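The values are calculated or read from the model by the stated rules, or taken from the named source; none is laboratory data. Every value quoted in this text rests on a predicted model; they were computed, and no experiment measured them. All Cβ positions, even for glycine, are placed from backbone atoms using ideal geometry, and neighbour counts span all protein chains on display. SASA here: full protein model, heavy atoms, side chains in, ligands and nucleic acids out. Shrake-Rupley method; radii C 1.70, N 1.55, O 1.52, S 1.80 Å.
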Amino acid sequence: MSLTPLVYENPVLILLDTTAVLGELDWKTYPINGWDAITEMDEQNRPIHTFQVCHVMELNQNNWLRSGWIQRQAAQRVYVELRFTLRDCNSIPWVSGTCKETFNLFYLQTNEPLPSGTRFRPTDYAKVDTIAADESFTQTDLGDRVLRLNTEIREVGPLTQRGFYLAFQDVGACIALVSVKVFYKRCPSTLRNLAVFPDTVPHRDSSSLVEVKGACVENAEEKDTPKLYCGADGDWLVPLGHCVCSIGHEEKDGHCQTCKPGFFKPIAGNMKCSQCPLHSSSHDQAATMCHCEKGFYRANKDPSTMACTRPPSAPRNLVSLINDTALFLQWMPPSDTGGRSDITYNVLCQRCDGDSGGGMQCDPCEPDLRFIPRPLGLTGISVAILDYATPANYTFIVEAVNGVSGLGIAARALINVTVNTHQAGPALVGVIKKDWSSDNSIALSWTEEEHPPLDIVDYEVKYYEKEQEQLSYSSTRTKNPSVVVTGLRPSSVYVFHVRARTTAGYTAYSSNFEFSTSAEGRIQQPVKVTADNLWPVDCMGQCQGYIKARMKSQEKRRTRFRSGHVPFSGIKTYVDPDTYEDPTQAVEEFAKEIDPSSICIDRVIGTGEFGEVCSGRLRIPGRLDIAVAIKTLKGGYMEHQRRDFLREASIMGQFDSPNIIRLEGVVTKSKMLACFSVSRVNILQYTFMACRPVMIVVEYMANGALDSFLRTRDGQFTVLQLVGMMRGVAVGMAYLSDMGYVHRDLAARNILVDENLVCKVSDFGMSRVMEEDTEAAYTATGGKIPIRWTAPEAIAYGKFSSVSDVWSFGIVMWEVMSYGERPYWEMSNQDVILSMEEGYRLPAPMGCPVTLHQLMLHCWQKEPSQRPRFNNVLCFLDKLIINPSGLLTLVNESHNFPDSPDAMPDYPLFISIGDWLDSIKMSQYKNNFIAAGYTTLDSISTMSVDDIRRIGICLIGHQRRIISSIQSLRLQFHHIQQSGFQV
Ligand code: ADE
């Protein structure tokens with residue numbers, strides 16, 4: 001067996017090295033004249049011990065050389081390295097037959113050195129091997145002989161006794177043994193995986209490994225028992241288990257060092273020490289946690305890695321709102337949240353009444369005062385309070401608390417709400433009579449006080465459905481002592497009460513009166529009249545009951561109905577101006593004529609099909625100017641244009657709802673010398689010429705059209721505010737559908753928004769002609785229709801109805817929730833129609849509550865009769881407003897692909913991320929996508945808002961644009977796949 005020559009490194013331990021022995025070598029020769037011990041000196045005067053033998057001419061040589069006793073130490077196997085020269089027999093004349101070219105190596109194990117004088121017995125020795133030379137004397141080209149040194153290594157063992165001898169047998173060769181080294185291998189002490197492993201001697205059986213357990217270094221602890229295996233060649237093999245640095249320590253260069261001040265490590269593990277979180281510090285080494293700065297705290301459940309936080313500042317802008325049955329408190333979140341997101345609010349109540357001495361005495365509020373949803377632990381920023389006493393003074397304290405409020409001082413916002421229920425006099429309304437009812441309306445009247453103490457401004461009629469368990473009510477106003485309440489449910493009992501508003505405020509309410517609607521299709525005369533307890537109220541939004549059209553108009557209309565326009569139920573109160581032989585008559589009947597000198601035009605705010613739209617003021621004698629929008633008919637108009645233009649006014653003039661744009665009047669009859677006109681550069685000009693100006697004057701809506709308004713305020717409203725906007729639209733549309741009016745062009749661009757975010761339905765000219773709406777496109781049947789907003793049956797065969805308006809309302813909801821995004825994005829009208837037919841619907845916009853998307857989907861039922869009615873929509877939205885917890889669950893952003901009958905198809909891959917981002921003007925984020933590994937459109941298809949945030953896109957508007965584009969691409973590609981096109 002031959003081993004490669006050794007480099008004597010760490011893993012090797014030397015037991016004998018003849019070159020290093022400075023004194024005598026106590027080696028024995030048998031017979032005495034066999035081997036010769038020849039010691040020479042090297043240039044450093046160190047001895048070179050050699051043993052030589054060269055009896056090549058004599059037969060039967062048997063010369064032995066025996067080493068001294070060598071201690072085995074820890075070795076189980078040893079290696080013997082021999083360096084020697086051996087003469088080539090061919091190089092010696094006349095020795096053939098006697099000269100040999102090998103020698104033999106033997107060993108003998110003993111526990112002790114043999115006593116001196118022990119007879120040498122070759123048979124005691126075990127043979128290791130016969131050693132031959134690799135190189136011997138060789139002849140050079142010049143005829144010189146060159147001595148070549150041989151090195152051979154042999155393994156000896158297994159060794160079991162404490163020591164051993166080596167013996168060299170010569171059988172007639174010419175040998176010079178220059179050095180003998182005896183060594184063994186070991187696995188050297190090492191540091192692995194934060195554990196120390198000691199020097200280890202390999203197993204005596206070279207095929208077995210020695211298992212060694214490591215000891216964790218200082219300040220480390222075992223994770224899994226650290227182990228290494230020592231191999232026969234002194235190599236460490238198969239590392240298993242490991243240690244980790246203990247708390248307060250981190251790994252550096254294989255050891256565990258302490259965390260520096262300002263850093264901490266709370267758990268044992270491989271992680272580094274972390275910098276102390278915000279508002280905390282550690283002053284010592286090896287910190288396991290950081291201590292909060294003064295005034296900052298950590299709640300029990302806060303992880304030590306979390307910043308220290310503090311109680312929030314006071315809630316802001318606490319306001320109260322009161323009506324006669326409910327008191328509402330609303331506030332804004334504190335400006336300083338204390339660094340936490342677990343803010344809740346507690347509303348504390350005291351009742352403070354004046355004592356006889358003129359001072360105030362405050363006591364805890366009555367226990368039966370009801371807080372909706374509850375007084376403590378509110379997560380929202382409003383509360384309704386019911387069942388309060390009147391008259392009374394209540395003081396409400398709203399405190400904001402968070403997870404560390406118990407540790408610091410809760411900041412309180414204090415408000416003194418005075419519930420002033422002192423009526424402006426006793427009830428002025430006595431008995432309420434039901435004049436008639438239909439399946440969804442009830443007409444009421446009451447006698448007006450002949451000599452009221454103060455002038456009656458108007459009446460407020462409040463009503464609710466008796467069987468409804470929900471806290472919801474409606475109210476409506478009327479100037480006359482009568483009202484037609486619409487939008488009711490057939491065969492249902494309603495409770496009504498009425499109060500008058502005088503110049504000094506509200507009087508007390510009348511008693512409660514119960515009336516029922518008739519069964520469907522029937523008109524009823526009055527039923528019973530009873531009083532009932534007051535029913536609590538909780539709606540905080542715009543409480544939108546509505547008054548019918550003005551009494552004057554109503555009277556006129558009734559006359560018309562009698563003359564043949566009255567539908568079967570008798571409750572269609574909208575009169576189509578086209579039914580008039582002369583439509584000018586309709587204008588006269590429904591719109592007030594305004595003297596143009598009372599209009600002051602300020603500026604141009606838009607252009608319509610008929611002319612400019614301006615903003616300005618309307619002067620009404622004895623009243624403050626009111627802000628108005630003035631639609632003008634451009635000069636040189638034809639008669640049919642004038643008629644079409646004024647048609648809108650005659651429609652609008654029939655409506656009276658807080659959520660329908662109010663018509664102030666029209667200018668149709670004036671002849672003027674100086675007419676207003678507006679130049680192309682938006683300068684108001686007076687043209688001195690005789691003309692007949694035609695104008696429609698409506699209330700001014702400071703925030704303009706809803707779609708553009710939302711686009712400029714992307715992400716700036718709470719969901720509740722957005723729902724409030726939808727509710728306004730729903731109220732207006734419920735009113736219109738009750739009136740029997742079908743809008744046909746309901747879209748966010750046709751909703752106007754006032755300075756208080758109240759949304760009102762506008763654009764009524766379109767119910768017949770769609771010329772003005774740029775979204776309107778011709779259909780196969782020749783009609784011009786705003787495809788994206790229109791129900792399929794209306795597109796396909798012109799079947800417009802209130803339920804097709806409901807479809808459009810669903811689209812408006814989507815526009816609102818997506819802050820004015822274009823429905824179906826850039827898809828073509830044709831693709832929109834096809835995907836609708838296949839059953840696909842718009843996905844929930846980003847951040848859209850599930851409930852709202854479900855309502856949208858409900859509005860987009862293919863079968864018109866399956867869609868909700870506007871009253872149902874309104875009721876649904878009201879419930880959400882009353883109990884906003886229904887808005888908390890958002891549609892899972894990563895799975896908000898449009899509701900589809902089939903599974904999602906794979907996303908096709910056809911343009912680059914760069915092209916896509918360029919197309920949506922988001923090129924600045926190319927690197928964000930690429931760096932995060934999103935290199936194909938395929939890979940972005942499943943991205944959620946969280947993913948978008950994670951790759952560093954922080955602006956909400958940009959997140960929205962990107963998510964919306966991803967949805968759009970998915971919808972388009974899905975459609976393309978469905979229609980069988982190849983991408
Ligand atoms: N644009 C069209 N009509 C408007 C109105 N009534 N108020 C504000 N902007 C308008």
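So which residues in region 935-968 are farther than 16 Å from Tyr925 by Cβ and assigned to a helix (DSSP H, G or I)? Those that are farther than 16 Å from Tyr925 by Cβ and assigned to a helix (DSSP H, G or I): Asp938, Gln967, Ser968. Evaluating Gln982 against the criteria (1) part of a helix (DSSP H, G or I); (2) modelled with pLDDT under 85; (3) out of contact with any Lys or Arg (no Cβ under 9 Å at 6 or more places or on another chain) leaves one unmet condition, (1).
Quick check, is Ser865 under 27 Å from Gln716 (Cα atoms) and either without any contact (Cβ under 8 Å) to a residue 24 or more places away in the chain or assigned to a helix (DSSP H, G or I) (or both)? No. In the set Cys216, Cys290, Cys256, Cys230, only one residue is open to solvent by less than 50 Å² (accessible area, probe 1.4 Å) and either among the β-branched types (Val, Ile, Thr) or within 34 Å of the chain's Cα centre (by Cα) (or both); that residue is Cys290. Out of the residues in region 8-24 that are surrounded by fewer than 16 Cβ atoms within 10 Å (Cβ to Cβ) and modelled with pLDDT under 85, state the one that is nearest to Leu237 (Cα to Cα). So, considering only residues that are surrounded by fewer than 16 Cβ atoms within 10 Å (Cβ to Cβ) and modelled with pLDDT under 85, the one nearest to Leu237 (Cα to Cα) is Asn10. Among the residues that make up region 746-754, is at least one of them under 16 Å from Phe870 (Cβ atoms) and open to solvent by 20 Å² or more (accessible area, probe 1.4 Å)? Checking region 746-754: not a single residue is under 16 Å from Phe870 (Cβ atoms) and open to solvent by 20 Å² or more (accessible area, probe 1.4 Å). When the criteria are applied in full, Asn659 fails the requirement of being away from the ligand (no atom under 13 Å from the Cβ), among the polar types (S, T, N, Q) and either modelled with pLDDT under 90 or over 27 Å from Ala730 (Cα atoms) (or both). Taken over region 316-347, residues that are crowded, with 18+ Cβ neighbours inside 10 Å, at pLDDT 90 or above and assigned to a loop (DSSP other than H, G, I, E, B) amount to 3. Of the residues Glu211, Glu250, which is free of Cβ contacts under 8 Å to residues at least 24 places away in the same chain, in a strand (DSSP E or B) and open to solvent by less than 80 Å² (accessible area, probe 1.4 Å)? It is Glu250.
Being in contact with a Phe, Trp or Tyr (Cβ under 9 Å, 6 or more places away or on another chain) and either outside any loop (DSSP other than H, G, I, E, B) or open to solvent by 100 Å² or more (accessible area, probe 1.4 Å) (or both) is the filter here, so list the residues in region 27-45 that pass it. Within region 27-45, Lys28, Thr29, Tyr30, Asp36, Ala37, Ile38 meet the criteria.
Tell me, yes or no, whether region 676-686 has at least one residue that is closer than 21 Å to Glu581 by Cα, modelled with pLDDT under 95 and more than 16 Å from the ligand (Cβ to nearest atom). Checked against the condition, which is being closer than 21 Å to Glu581 by Cα, modelled with pLDDT under 95 and more than 16 Å from the ligand (Cβ to nearest atom), region 676-686 yields no hits at all. Note on region 702-811: enclosed strands (runs of 3 or more DSSP E) holding 2 or more residues that are within 15 Å of the ligand (Cβ to nearest atom) and modelled with pLDDT of 95 or more are 751-753, 759-761. Just the residues that are crowded, with 20+ Cβ neighbours inside 10 Å and part of a loop (DSSP other than H, G, I, E, B), please, taken from region 62-75. Those that are crowded, with 20+ Cβ neighbours inside 10 Å and part of a loop (DSSP other than H, G, I, E, B): Ser67, Arg72, Ala75.
The residues of region 259-272 that are crowded, with 21+ Cβ neighbours inside 10 Å and closer than 23 Å to Ala195 by Cβ, listed by number, are Cys259, Lys265.
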